[in-house]
Amino acid sequence: MIAHHVLFWLKADITEAQKAAFRKSLETLEQIEVVKTFHLGTPAPIERAVVDTSYTFSLLIMFEDLTAHDVYQVHPLHKAFLDEFKVYFEKVIIYDAH
């Protein structure tokens, strides 16, 4: 299994409508056939020194293997999301683990 965890920090001047459109586009990624598990969330209200709650959205996708991960990366839905919404985030961090 490959865990693909993406944290997005949206720009400060993004409107609520733009934020909603960003989230809706992220939700379409669940439709990609190689996605085994999909979780989209926002920071949980947990206050501990070791918990980072500074991001806007967390996307966690599980793939069967590296081949599935690679299919996802070039999938039209993923590319469409990036083409339209990459200008919305000021920072993104990705953690891939197997």
In the chain, once you exclude exposed trypsin sites (Lys or Arg not before Pro) (DSSP loop, at most 14 other Cβ within 10 angstrom), what's the longest stretch remaining? 49-98
At most 10 other Cβ within 10 Å, DSSP loop - GluC sites (Glu not before Pro), the chain: E33, E47
How high is the relative contact order of the chain, in percent, with contacts defined as C-alpha pairs under 8 Å that are six or more residues apart? 52 percent
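Bear in mind that the values in this text are calculations on the coordinates, not laboratory data. Since the model is a prediction, treat every value here as computed from it, not as a measurement. Because the Cβ atoms are built from the backbone with ideal geometry, glycine has one as well, and the counts that use them run over all protein chains shown.
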